[in-house]
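Chemist: Right, I'll just put the structure down here and ask away after.
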Amino acid sequence: MRLPDAGFRRYIVVAGRRNVGKSSFMNALVGQNVSIVSDHAGTTTDPVYKSMELYPLGPVTLVDTPGLDDVGELGRLRVEKARRVFYRADCGILVTDSEPTPYEDDVAELFKEMEIPFVVVINKIDVLKETAERLKKNYEDRYRVKVLLVSALERKGFEDIGKVLSEIVPNDEELPYLGDLIDGGDLVILVVPIDLGAPKGRLIMPQVHAIREVLDREAIALVVKERELRYTLENIGMKPKLVITDSQAVMKVVSDIPEDVELTTFSIVESRYRGDLSYFVESVKKIEELEDGDTVVIMEGCTHRPLTEDIGRVKIPRWLVNHTGAQLNFKVIAGKDFPDAEELEGAELIIHCGGCVLNRTSMMRRVRMAKRLGIPMTNYGVTISYLHGVLDRAIRPFKREVEV
């Protein structure tokens, strides 16, 4: 199951030199003029995003990037911004119109270094004519990837792109969400507080994801606020198989449900699906080693206007200080752009949000960077349950995967 939400879209980066026709290629693939096209090299100055349905992949976001051979100080900044997009990519398309140059080699090496599967698209076959097949073989031999021949001008050769990309994109659908925890007919109670952080008129994505998963499993989804949970349990006449709660309400929920009912949080379920739950649980123990002057990075996957009682910027830092008794330094890094290693230098612990706007590819690249830098990394849900003394209970449904 994939939902048409940012966290479930496949991100496809379109990269290459200036003036090889990346923007024209993207316009032809989308069927709309989403990128500005010009004969002047360097027309695309910032990444251009376009979401669409691409059969058989489903919902995807195409990202048209500035040419990676841009020049000058401004060009360097454009290239740096383009490279940041690669951290979100599920797969890539290297567009070219000539023999391989050091720039194509650089892009291909970047894709391989970041473990991003990619294909090569040779554009302008209407001009290249008989040389196109020779170029195709050269690229196949050089990079050992699939090569497609297209003409963005004549909009030819686009029929198989979706199929080819679907063959190389990692399949996350096999990752467990709730399917291995519940069966048809089971009752699942979802505890959803409506607080200042709740978007008016709708639920947040992890809650929607859980409801849809329960329904897809032919189970029963019952949604309540935390204050109605005890009344519901006393009157429903059916024992729940699983209770999932917002992390901030976990203490009240624990006190309201029987010990033999499985309990977890939306954030923990999401971290298992998108990240590395075992690593997050192991890393949270670093809290006990924090001392005066240590830096804790609060990392958010999106940019939002902080609330008075913001969970990441206010509540978690307050709970950490109360728990450790240490004078800690907190640094917030927000946004989908991947942070530089320099921004994490000196950090003793990274606490990431649930990552609901990130795809698994993006989250796992953040996890891998933290591991390479030797910085323990956990997330909001694991941290909150740990600081409130209920982590053992909250991860019990996943005891085969995680050790406390």
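Chemist: When the residues of the range 363-384 are filtered to those that are more than 18 Å from Val269 (Cβ to Cβ) and of a type outside the set (A, V, I, L, M, F, W, C), which remaining residue is most open to solvent (accessible area, probe 1.4 Å)?
Modeler: Arg372
Chemist: Would you say Val314 is at pLDDT below 95 and over 29 Å from Pro47 (Cβ atoms)?
Modeler: Considered against the rule, which asks whether it is at pLDDT below 95 and over 29 Å from Pro47 (Cβ atoms), Val314 comes out as yes.
Chemist: Within the range 209-263, track down each residue that is in contact with a strand residue (DSSP E or B) (Cβ under 8 Å, 6 or more places away or on another chain) and of a type in the set (Ser, Thr, Tyr).
Modeler: Thr232, Thr245, Ser247
Chemist: Now for a different question. Considering only residues that are free of Cβ contacts under 8 Å to residues at least 60 places away in the same chain, of a type in the set (A, V, I, L, M, F, W, C) and under 23 Å from Ala89 (Cβ atoms), which ones fall in the range 121-168?
Modeler: Initially, the range 121-168 is screened for residues free of Cβ contacts under 8 Å to residues at least 60 places away in the same chain, giving 122, 125-149, 151, 154, 156-157, 159-160, 164, 167.
Then keep just the ones that are of a type in the set (A, V, I, L, M, F, W, C); that gives 122, 125, 127-128, 132, 135, 145, 147-149, 164.
Matches in the range 121-168: Ile122, Val145, Val147, Leu148, Leu149, Val164.
Chemist: Separate question: Could you please let me know if Arg212 is in contact (Cβ under 8 Å) with a residue 60 or more places away in the chain and among the basic types (Lys, Arg)?
Modeler: Spelling it out, Arg212 is indeed in contact (Cβ under 8 Å) with a residue 60 or more places away in the chain and among the basic types (Lys, Arg).
Chemist: Within the bounds of the range 246-257, is there any residue that is crowded, with 16+ Cβ neighbours inside 10 Å, small (Gly, Ala, Ser), within 17 Å of Thr383 (Cα to Cα) and touching a Pro at 6+ places or on another chain (Cβ under 7 Å)?
Modeler: yes
Chemist: Within the range 285-295, does at least one residue satisfy the condition of being among the charged types (D, E, K, R) and either within 20 Å of the chain's Cα centre (by Cα) or open to solvent by less than 10 Å² (accessible area, probe 1.4 Å) (or both)? Don't jump to the end; show me each part of the working.
Modeler: Looking only at the range 285-295, we keep the residues that are among the charged types (D, E, K, R), and these are 285-286, 288-289, 291-292, 294.
Filter once more, keeping what is either within 20 Å of the chain's Cα centre (by Cα) or open to solvent by less than 10 Å² (accessible area, probe 1.4 Å) (or both): none.
Checked against the condition, which is being among the charged types (D, E, K, R) and either within 20 Å of the chain's Cα centre (by Cα) or open to solvent by less than 10 Å² (accessible area, probe 1.4 Å) (or both), the range 285-295 yields no hits at all.
Chemist: Let me ask you something else. Does Gly354 count as buried (at least 17 other Cβ atoms within 10 Å of the Cβ) and farther than 18 Å from Asp294 by Cα?
Modeler: Yes, satisfied.
Chemist: Let me ask you something else. Give me the pairs: first residue in the range 309-327 and touching a residue at least 60 places away in the same chain (Cβ under 8 Å) and open to solvent by less than 10 Å² (accessible area, probe 1.4 Å), second residue part of a helix (DSSP H, G or I) and of a type in the set (A, V, I, L, M, F, W, C), beta-carbon distance under 6 Å, and six or more apart or on different chains, which are they?
Modeler: none
Chemist: Among the residues of the range 351-404, how many are in contact (Cβ under 8 Å) with a residue 24 or more places away in the chain, assigned to a loop (DSSP other than H, G, I, E, B) and over 16 Å from Lys286 (Cα atoms)?
Modeler: Summing the residues that are in contact (Cβ under 8 Å) with a residue 24 or more places away in the chain, assigned to a loop (DSSP other than H, G, I, E, B) and over 16 Å from Lys286 (Cα atoms) in the range 351-404 gives 11.
Chemist: Follow-up question, since we're still on this one. Considering every residue within the range 129-143, establish whether at least one is of a type outside the set (Ser, Thr, Tyr), surrounded by 15 or more Cβ atoms within 10 Å (Cβ to Cβ) and not in a helix (DSSP H, G or I).
Modeler: no
Chemist: Kindly indicate whether Pro193 is assigned to a loop (DSSP other than H, G, I, E, B), more than 29 Å from the chain's Cα centre (by Cα) and closer than 30 Å to Val357 by Cβ.
Modeler: no
Chemist: Which condition number in (1) of a type in the set (A, V, I, L, M); (2) part of a helix (DSSP H, G or I); (3) over 24 Å from the mean Cα position of the chain (by Cα) is the one that Val223 fails?
Modeler: Result: Val223 fails condition (2) only.
The values are calculated or read from the model by the stated rules, or taken from the named source; none is laboratory data. Please read all numbers here as calculations on a predicted model, not as lab measurements. As a convention, Cβ positions derive from the backbone with ideal geometry for all residues, glycine included, and neighbour counts pool all protein chains shown. Each accessible area value is taken on the protein alone, full model and side chains, heavy atoms only, with ligands, DNA and RNA left out. Shrake-Rupley method; radii C 1.70, N 1.55, O 1.52, S 1.80 Å.
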